[in-house]
Structures are given as structure tokens and as C-alpha cells.
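Notes follow the structure.
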Amino acid sequence: MNQEHIRNFCIIAHIDHGKSTLADRLLELTGTVEKRQMKNQVLDRMELERERGITIKLAPVRMKYRTAINSSPLSVHDTFTVHDDPSPMENGKQKTEIEYELNLIDTPGHVDFSYEVSRSLEAVEGAILVVDASQGIQAQTLANVYLALAADLKIIPVLNKIDLPAADVERVRAEVISLLGCGQEDVLLVSAKTGQGVDKLLDRIVSEVPAPRGKAESAARALIFDSYYDDYRGVILYTRVVDGKINKNDTIKMLAAGSDGVALELGSLSPDMLPAAGLKAGEIGYIVTNLKTTRSGRVGDTVTTSDKSVEPLPGYKNVQPFVYAGFFPESNENYQALKDAVERLAMSDSSLRYSPESSPVLGFGFRLGFLGMLHMDIVRERLEREYDLELIVTNPSTDYQVVLTSGETLDIKSAAELPDVSNIQQILEPWVKGEVVAPVDYVGAVLHLIVGARGVQKHIGYVDARLAVIDFEAPLANLLTDFYDQLKSITSGYGSFNYELADYRAEDLVKLDFYVAGDRVDALSVMVHRSEAERIARSAVGKLKEVIPRQQFKVALQVAIGGKFIAREDISAYRKDVTTGLYGGDVSRKKKVLAKQKKGKERMKRFGKVDIPAEAFAVLLKRD
Ligand code: GDP
Ligand code: MG
């Protein structure tokens, strides 16, 4: 298609504000997906996405849209060059319908995927900014707006969910106007659920989103904004062709990865794969390749077909994970199965890192690296579900840079790797720059929360008189466990936050060692700040006491720093008869309880004489 008739755009929003549902309506209105085949959030194709109602993988889709409405600067020109069926006379003037190709990218709303989102924004010219009219602007809304502005996109603001009784159109529209500096009439009011207002959005896209302006005759340059591994077809790249064209069977080169391969098939997604002869400047589509792993075709890389040197598209980053956890098979026989599964998943997910790890109590497993807690959660669920593995996962941690007295620096990814303290000069931990968005009434409580997480408040700004934006810096480790839950609870659900990695800072960090019945359990060790050591140690032994069942002897749970004990709880002796207290003859209930206990037993790790259940190894994630 002629670039003048292409509109590339993405939908951005805070999680749950209705991106995927709005995409459904657009697909329906343009007849891309037939009504009878329509299901909710049709672009969320993974089982996990559908179950949780979240978008994990971004999804590009191509739609055709015929319209006579044309207020773009190109419209006069269009009507003369395009020979489409003339539509009936209107106001005495002949109007010509034009078919547009609309390429939409539905992006995941979560901070863990912000790099992918930033690349998707580079692949388009416009962004539909969806704001839930019953919620208002949230942290991820702001983060997305910054990204969209940085990518120089035309932003079309949309208030969604206006059908809800709780929708506060006046207030939220005022927020959006003051955020974007746009006029009242620029903010579209829609309901993605009922479809109200969505037809107007299509016309706004056509008239306001600029057409791509690639150099059709130049050497091919295409931006990879997502890639995944398909069991049957191999590595598939989602790409925006910026300049030139790529045809079937062309040799392709990935500039940052330095890899090459063959474009076995190209085409668009509608939303199923629709093969074409090739992809041209301005178009968005897929390339099926013969690459073996997504590491050879990473998000942000530039694809070319030219032998000559080609300037890479800007913005490529080799994203590094900064959250790590040990993943162990529940029984040692399944180590190979875990290894295969992790390797396979990593072929598809180029930001997932792994290295072997072994522990005296948990045996052989892997240390996996993630982009954040949601990413970790998703990988864990996929391993358990798609590969049918029972896993023991340890407390998540960040990585640490350890400067030795010798001057050498180590990057450690678990507390157990910490060298002897006498050899350590200093330890650095990752810090983030964060931003909390919350109604002004909650600012005091939010500042308190930030300081409690060892954070430092930077600047307080205001979207308008009602809504505050609090910039802060904090150690990443303290945001991993329950910061988000606490933020939600102290702001009655209105607060939200977003962050990005800032730098590594030297802090007074210590390793907490856990002892169960006198023996140290390596897999439980964690790094904490000295000022928090006692509080965390006490809370952790308290939680461990709840999850480790009673044994036939008394079990001491202790925490030490460098051999000095700082917290202790004892689990008193005797085999707990879980059915006492269930009086009467309710046999089925008794059976159920016993079965549950048996199930728990299956996931116990024997350590010395003590059985430690799987959940004990991630005890820091347990709510108080
Ligand atoms: P996303 O996370 O931004 O992709 O949001 P989804 O499209 O998954 O929607 C989140 C939730 O809001 C779902 O339960 C939708 O059914 C609901 N939702 C989306 N749009 C509307 C709307 O216009 N009205 C109402 N009442 N609910 C909506
Ligand atoms: Mg979604």
C-alpha cells in the first residue's frame, strides 16, 4: 500500500484502562474480526493473558478501513490519485472513499515491559492514549506519555469507560487537558465496552496520525519491536519497515546482533498471519526467519538486506535483568526437564537470563534473571503450566556489585555468592528513579512509605489541583516485595507507581544467614541493609515458623549476620494432628484435610532432619 494511506499507531494506557477492549472494537468496526468470532480482548492470545486479563505480549494487527472523511493535508491529493469506488453524492459534491491500512499495536501496560513498549512507540506515528474515566491519570499513563512524546508521536487522548456510573468525565478530562495541554474537544469520550464513540476514533486516526515517510528506494531498514520463538516455525520477528523493502527469501542481517538469516515468510497479522510477497517502507508485519533463537533478533535491533554498511535505527538497548531468583525442580529427577524448559523459554524470551545454580538443600537448578516481578511471575507460571513442572522458587533479589579489597569487582546474583566479608571493600546495590501518582490528600502517607523503603523524595509536582506526582529514588530491593501492595492500601487504591533503573550505590549491606535446627540453609540467605536487618530477620523467622510444620523435636529458627545471631523463633515439638478440631463424623472433610497435608508433603525438602516446605524458600514474599 502507498505510504500515504497507511496509519501506524499504538494504544497506550495504564494497566486495565481498556486498551485491549478498545482494540476489540476497532477490529470489529473495521470488519477485521467478524462479530461472531469476536471474543473479549481478542489480541490477548496466551492462555495466561486470558486468564489474568492482562496483556503480556504486545500484538500488532492490520486493519482495512474505508472512509470518505478526510481532513488530512494529504486528502486533496488522495482523491485524485486513488481510484476507489465513488460513493453517493453528498451535499451535491462527489465524495471518494479511500481505503486505509491501519496498523495497531496493543502494548502491555506493565513497567517490566517498558523497553518493548518504547520500541513499539518507535514503530508508529501515533498513539491513542486511553485513560479510564473512572480512575483518571495513573503512573503508567504518565510514563507512557513521556515515551510517546520522546518518540514524537501524535497523541490522541481518549477517555474510556464512560458507560460506568463511576466515570467522572469532567474531572478526568480536566486532568488530561492539563497533562497534554490540549483542548476540550480533542479528548474523545468512548466506551470500549459498548462501542460508543469508537467510530469517531477511527476518523481521528485517519485524519490526525501522520502517514509514514520512509525512503522507499533506500536500503532496507526495519525495526524489530518484538520477537518470539514458535515451536513449529522458529523465530518470528515483528517489525516496522522504516526504509526500503524486504521480500520473501531475502537474506536478512541483524545489525546489533551481528547475525544473519533468511526471511522465509513475510506478511501482516489480521490478527492471524497473512503471508505477502514482502513488506515495504511504512508497513508493519511479521517475518518468519530461520534463526534459532530470539537472541539473534532482539527487540530494538535493525534488520537490513543490504550488503553495504547501513546506519542502524537508533535506540537499541541490550536490556539487562535486575531481579533474580533460584528455580529448582521439586525433585532432582526433574532437573533435565527444567533445563530443557528454561532453555526453550529463553529462546523465545530474549530478556530472560539463566545460569546453573546448586544448593545443598535444593540440589541442582538455575538462577534466573528477570526484568521485574511480573516477568518473574509469568515465567514461573509458564514453566509450571506449559512444561508441567513443580518448582521451588527462592526469595527474589537484585544483583549486587561487590568491590573486593583487591580492587576487583564481582557482580553477584544471590546472597549465597557473597565472598568472605574480610575481602570486601564495599557493596553496591541498584537504585531506581520512581514516580508515584496519587491524589494530593495521600501525599503525606506516600512520603512516609517512600522513606520507610529507604527512599528519598525528590520533587512533588501536580497534574492539577487534585493529583500529585511524587518523584523519588529508592533501592530496588525495597520495592520488590510489598511496596506496591502497601501503596495501594495507603492510598485507598488510587496510588500507582512506575520506575526505571538509575544506578548502583554503595550502601551498608549485610547478608542474613538462616539456620534451621542449627544448620545453615544457604538457599534462604538474603542481602539487606544493616538498618533493616533486625526487623527483616524477626519478620522472616516469624513467617518461617508459620510455614515449617512441627517435627518430633523442637526446631530452632535463627538468623545471623556473620555468625552473630540476631533473631530466633522455636517451633515446638510434636507431630501436628491436623484433624483434631474437626469433630464429628465428617469423614469427607477429614479426608480433604489429610489429602491437603499430603500434597504439602510432596513439596517438602528434607534438610538434615527437618522437612522444609517449598513456600519457605520464598518466605519474604509472604504477606504479614
Ligand atoms: P488493558 O489492560 O488496558 O488492556 O484493559 P482491558 O481491555 O483488558 O480492560 C480491563 C477491564 O476493563 C476489563 O474487565 C474490561 O472488560 C473493562 N473495560 C474495558 N473498557 C471498558 C468500558 O468502556 N466500559 C466498561 N464498563 N468496562 C470496560
Ligand atoms: Mg490489555
Restricting to Cα pairs under 8 Å and 6 or more apart, the percent relative contact order of the chain works out to 10
Whole-Å distance linking the alpha carbon centroid of the range 446-482 with that of the range 304-345 is 32
Taking only protein heavy atoms and a 1.4 Å probe, the highest-to-lowest accessible-area order of Tyr574, Tyr238 is Tyr574, Tyr238
Charge tally for neighbours of Ala127 with beta carbon under 13 Å away, counting Lys, Arg as +1 and Asp, Glu as -1, is -1
The helix 198-208 Cα axis meets the longest alpha-carbon principal axis of the chain at an angle in degrees, between 0 and 90 and rounded to 10, of 70
On each of the three principal axes the extent of the alpha-carbon atoms of the chain, given in whole Å and largest first, is 94, 62, 56
In degrees rounded to 10, the 0-90 angle between helix 373-386 Cα long axis and the longest Cα principal axis of the chain is 90
Heavy-atom accessible area of the chain with neighbours in place, 1.4 angstrom probe: carbon+sulfur share in percent works out to 49
Quick calc, the chain, dipole around Cα centre from Cβ unit charges on Lys, Arg (+) and Asp, Glu (-), nearest 20 debye, gives 2020
Per the charge dipole of the range 427-541 (beta-carbon charges, Lys/Arg positive, Asp/Glu negative, Cα centre), the residue among Asn498, Gly518, Gly452 reaching farthest to the positive end is Gly452
Magnitude of the Cβ-charge dipole (Lys and Arg +1, Asp and Glu -1) of the range 213-312 about the Cα centre, nearest 20 debye, reported as 200
Given Cβ charges of +1 for Lys and Arg and -1 for Asp and Glu, the option among Ser306, Ala167, Tyr146 whose Cα lies farthest towards the positive end of the dipole of the chain is Ala167
Computed for the range 272-371: size of charge dipole around the Cα centre, +1 on C-beta of each Lys and Arg, -1 on C-beta of each Asp and Glu, debye to nearest 20, value 260
Longest principal axis of the chain (C-alpha) makes with the long axis of helix 335-348 (C-alpha) an angle, in degrees to the nearest 10, of 30
In terms of the charge dipole of the chain, which places +1 on Lys and Arg and -1 on Asp and Glu at the beta carbon, the residue among Pro549, Ala257, Ser178 farthest towards the positive end is Pro549
SASA check, His448, accessible area w/ 1.4 Å probe, all protein chains in place, rounded to nearest 10 Å², comes out at 140
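The values are calculated or read from the model by the stated rules, or taken from the named source; none is laboratory data. Owing to the predicted nature of the structure, the values given are computational and were not obtained by experimental measurement. Positions of Cβ are generated from backbone atoms using ideal geometry, with glycine treated the same way; all protein chains shown enter the neighbour counts. Side chains are part of the model used for accessible areas, which takes the heavy atoms of the whole protein and leaves out ligands, DNA and RNA. Shrake-Rupley method; radii C 1.70, N 1.55, O 1.52, S 1.80 Å.
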